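Report on one structure; see the data block that follows.
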Amino acid sequence: MRAVSSTYDLREDADTKAIDHSIVICGAGPTGLMLAGELALAGADVAIVERRPDQKLAGSRAGGLHARSIELLDQRGIADRFLAAGEAMQVTGFALTRLDISDFPTRHNYGLALWQNHIERILAECVEELGVPTYRARDVVGFVEDEMGVDIALSDGSSLRTGYLVGCDGGRSLIRKAAGIDFPGWDPTISNLIAEVELDEEPDWGIRRDAIGLHGLSRMDDGKTVRVMITEQWAGRAGDPGLSDLSEGLIAVYGTDFGVHNPSWISRFSDMTRQAATYRKGRILLAGDAAHVHSPDGGQGLNIGLHDAVNLGWKLARVAAGTAPESLLDSYHAERHPVAARVLRNTMAQVALRRADERTGALREIVAELLDMDEPRRRIAGMMSGLDVRYDLGEGHALLGRRMPDLDLVSADGPMRVFGLLHDAGPVLINLSEPGAIDISPWADRVKLLDASYAGIWELPVIGVVPAPTAVLVRPDGHVAWVGDGNDDGLGEALTTWFGPPAIA
């Protein structure tokens, strides 16, 4: 038995203890909620532990969704809920240079301006509809892992036993620390305060850049609250900031604090950049900020947390149900770790371009000129929007490992969209050649087979037009696991890898 926390005595006979839930998620932020929904759709017994008594969030926090995130929500049939609450616009950017993706081949060639408190509210409603229980007003304070499961101690003195524990508990993750997972990276070089307050005086609206850094003041929708972001004079300041810190920062930048008062939320963030050495250690897994932290430049943090959840959910559900080997969970780290590493790199580059000296200003102008050209714009916008992600599934067709386009298909049942086939978070094999040309009956209990046709071109963001396949195997997360080229070579291997061995007749 491996004791992960010695503070709480959970030593009981693991062989006789009943499992309360197959999977427990620590944290009901966007990542935890998305993961809970994915697991519930896959039929897993999942529960959430959340320290907040309800879903209310102090402040509006992160500001929107990128194109791939909207696609993922569309794959589950819930994108319209978010689109109705936010404002579709071109939000993709790099180092304050806006990147138009309206020519990208996707139904959602835009981003969505929507504050995190609304994103969480809608996700929580979806999770509640799926019947996922949430243990609120308590937190995980320790756990002990054994060969059969994990015993979890909660802050109210109660405990839970689960098969797997997922830390979605933010950058200071207790789960990550207690599991002994290293968090290497870089210490902060800048520190920022962000707040929502009221001001007595009319401020200088907009963005300001000076020797200290980048600052901004903007009026919020209620016409009374002001959103403040200022760079502090010193990096690495610790502790929770208060109104005096914000006043001091405003005076340093603007010469006045504009009579700042009535803060609804004040927070400090930095460009600290770290990534978990592994996303899985035995029965403990990490997702979202618990697995990676970085500067918010480009608005990527919340989004890649959602993508982590969609990649992990179907895999963890199958392993927890005993229908897939533990090794399937290793593909979660293998696929998602490189994606976040790339985000860490691009955010560090954007922070460097924020510096106020004249040499950095000259570099920033050159970068902006490059991004005004089509090829650099497409390449960087594909990265920032999440539309260019490719998991390394080996050599082959350009579609392999990439997101499946949301094509308009025609089948015997009439017209349908690819994303509509993914609403139940299950895999689908789309046969685009002669009906009946592919037989997957040994996997029929796990994989949906659809005979269909498509008359249009096949086009991927950044890549462009690609050859039309004769069949595609689409995983529950919307990524292509196998591509047919007039035969079924390699199909059985792909089906076995992702969805288990063939059933014995």
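The values are calculated or read from the model by the stated rules, or taken from the named source; none is laboratory data. None of the values given here were measured: they were computed from a predicted structure. Neighbour counts run over all protein chains shown; Cβ positions are idealised from the backbone, glycine included. Accessible surface areas use protein heavy atoms only, side chains included; no ligands, DNA or RNA. Shrake-Rupley method; radii C 1.70, N 1.55, O 1.52, S 1.80 Å.
What about L393, is it under 26 Å from E38 (Cα atoms), in contact with a helix residue (DSSP H, G or I) (Cβ under 7 Å, 6 or more places away or on another chain) and surrounded by 15 or more Cβ atoms within 10 Å (Cβ to Cβ)?
It is false that L393 is under 26 Å from E38 (Cα atoms), in contact with a helix residue (DSSP H, G or I) (Cβ under 7 Å, 6 or more places away or on another chain) and surrounded by 15 or more Cβ atoms within 10 Å (Cβ to Cβ).
Of the numbered conditions (1) in contact with a Ser or Thr (Cβ under 8 Å, 6 or more places away or on another chain); (2) part of a strand (DSSP E or B); (3) buried (at least 19 other Cβ atoms within 10 Å of the Cβ); (4) not aromatic (F, W, Y), L250 satisfies every one except a single condition; which is it?
Just one mismatch for L250, condition (2).
Exactly one of (1) within 14 Å of the chain's Cα centre (by Cα); (2) crowded, with 24+ Cβ neighbours inside 10 Å is unmet by A317. Its number?
(1)
Kindly provide the set of residues from the stretch 437-482 that are out of contact with any strand residue (DSSP E or B) (no Cβ under 7 Å at 6 or more places or on another chain) and under 20 Å from P502 (Cα atoms), ordered by number.
D439, S441, P442, W443, A444, D445, R446, P476
Looking at T347, T360, can you tell me which residue is assigned to a helix (DSSP H, G or I), under 30 Å from A211 (Cα atoms) and in contact (Cβ under 8 Å) with a residue 24 or more places away in the chain?
Values: T360 fails: in contact (Cβ under 8 Å) with a residue 24 or more places away in the chain.
Sole residue among the options that is assigned to a helix (DSSP H, G or I), under 30 Å from A211 (Cα atoms) and in contact (Cβ under 8 Å) with a residue 24 or more places away in the chain: T347.
Output the qualifying pairs, or none if there are none: Cβ atoms under 6 angstrom, residues six or more apart or on different chains, first residue in the stretch 291-309 and open to solvent by less than 10 Å² (accessible area, probe 1.4 Å), second residue β-branched (V, I, T) and part of a loop (DSSP other than H, G, I, E, B).
Every condition considered, no pair remains.
Any idea which of (1) in contact with a strand residue (DSSP E or B) (Cβ under 7 Å, 6 or more places away or on another chain); (2) open to solvent by 20 Å² or more (accessible area, probe 1.4 Å) is the one N431 doesn't satisfy?
Failing condition for N431: (2).
Can you pull out every residue in the stretch 299-342 that is touching a Leu at 6+ places or on another chain (Cβ under 6 Å) and of a type in the set (K, R)?
Selection gives K315 alone.
Kindly check whether there is at least one residue in the stretch 482-492 that is open to solvent by 60 Å² or more (accessible area, probe 1.4 Å) and on the phi > 0 side of the Ramachandran plot. Steps first, please.
Residues of the stretch 482-492 that are open to solvent by 60 Å² or more (accessible area, probe 1.4 Å), as a first pass: 485-489.
Narrowing the set further to residues that are on the phi > 0 side of the Ramachandran plot leaves 486.
So far as the stretch 482-492 goes, yes, one or more of its residues are open to solvent by 60 Å² or more (accessible area, probe 1.4 Å) and on the phi > 0 side of the Ramachandran plot.
Restricting attention to the stretch 318-334, report how many residues are outside any helix (DSSP H, G or I) and polar (S, T, N, Q).
First, the residues of the stretch 318-334 that are outside any helix (DSSP H, G or I): 322-325.
Keeping just the survivors that are polar (S, T, N, Q) gives 323.
Residues in the stretch 318-334 being outside any helix (DSSP H, G or I) and polar (S, T, N, Q): 1 in total.
Anything in the stretch 215-235 that is modelled with pLDDT of 90 or more and either assigned to a loop (DSSP other than H, G, I, E, B) or not aliphatic (A, V, I, L, M) (or both)? List them, or say none.
Looking only at the stretch 215-235, we keep the residues that are modelled with pLDDT of 90 or more, and these are 215-219, 224-232.
Within the stretch 215-235, H215, G216, S218, R219, K224, T225, R227, T231, E232 qualify.
How about the stretch 487-505: which of its residues are in contact with a helix residue (DSSP H, G or I) (Cβ under 8 Å, 6 or more places away or on another chain) and over 11 Å from S441 (Cα atoms)?
L495, W498, F499, G500
Sort out for me the strands (runs of 3 or more DSSP E) sitting completely within the stretch 409-488 that have 3 or more residues that are of a type in the set (A, V, I, L, M).
Numbers: elements: 414-417, 428-431, 448-453, 458-460, 464-466, 471-474, 480-484.
By residue number, 428-431, 448-453, 471-474, 480-484.
Quick one: in the stretch 70-87, of everything that is surrounded by fewer than 18 Cβ atoms within 10 Å (Cβ to Cβ) and in contact with a His (Cβ under 8 Å, 6 or more places away or on another chain), which residue is farthest from P296 (Cα to Cα)?
G77
In the stretch 447-461, which residues are at pLDDT 95 or above and open to solvent by 40 Å² or more (accessible area, probe 1.4 Å)?
Residues satisfying the conditions are K448, L449, D451, S453, Y454, I457, E459.
Scan the stretch 88-98 residue by residue and report those that are open to solvent by 40 Å² or more (accessible area, probe 1.4 Å) and either among the hydrophobic types (A, V, I, L, M, F, W, C) or not in a strand (DSSP E or B) (or both). Outline the logic, then answer.
The initial filter retains those residues of the stretch 88-98 that are open to solvent by 40 Å² or more (accessible area, probe 1.4 Å), namely 88-90, 96, 98.
Those that are open to solvent by 40 Å² or more (accessible area, probe 1.4 Å) and either among the hydrophobic types (A, V, I, L, M, F, W, C) or not in a strand (DSSP E or B) (or both): A88, M89, Q90, L96.
Restricting to the stretch 99-126, give me the number of residues that are assigned to a strand (DSSP E or B) and open to solvent by 10 Å² or more (accessible area, probe 1.4 Å).
1
Restricting to the stretch 271-290, count the residues that are surrounded by 21 or more Cβ atoms within 10 Å (Cβ to Cβ), more than 15 Å from C26 (Cα to Cα) and either among the basic types (K, R) or at pLDDT below 95 (or both).
1
Checking the condition in a loop (DSSP other than H, G, I, E, B), surrounded by fewer than 18 Cβ atoms within 10 Å (Cβ to Cβ) and of a type in the set (V, I, T), which residue from I207, I212, I181 passes? Spell out how you get there, then give the answer.
Details: I207 fails: in a loop (DSSP other than H, G, I, E, B); I181 fails: surrounded by fewer than 18 Cβ atoms within 10 Å (Cβ to Cβ).
When all the criteria are applied, what remains is I212.
Scan L370, L363 and give me the residue that is open to solvent by 30 Å² or more (accessible area, probe 1.4 Å) and in contact with a Leu (Cβ under 8 Å, 6 or more places away or on another chain). If you could, list the steps in order and put the result at the bottom.
Working: L370 fails: in contact with a Leu (Cβ under 8 Å, 6 or more places away or on another chain).
Criteria check complete, one pass: L363.
Among the residues in the stretch 39-61, are any open to solvent by less than 10 Å² (accessible area, probe 1.4 Å), more than 15 Å from L114 (Cα to Cα) and in contact with a His (Cβ under 9 Å, 6 or more places away or on another chain)?
yes
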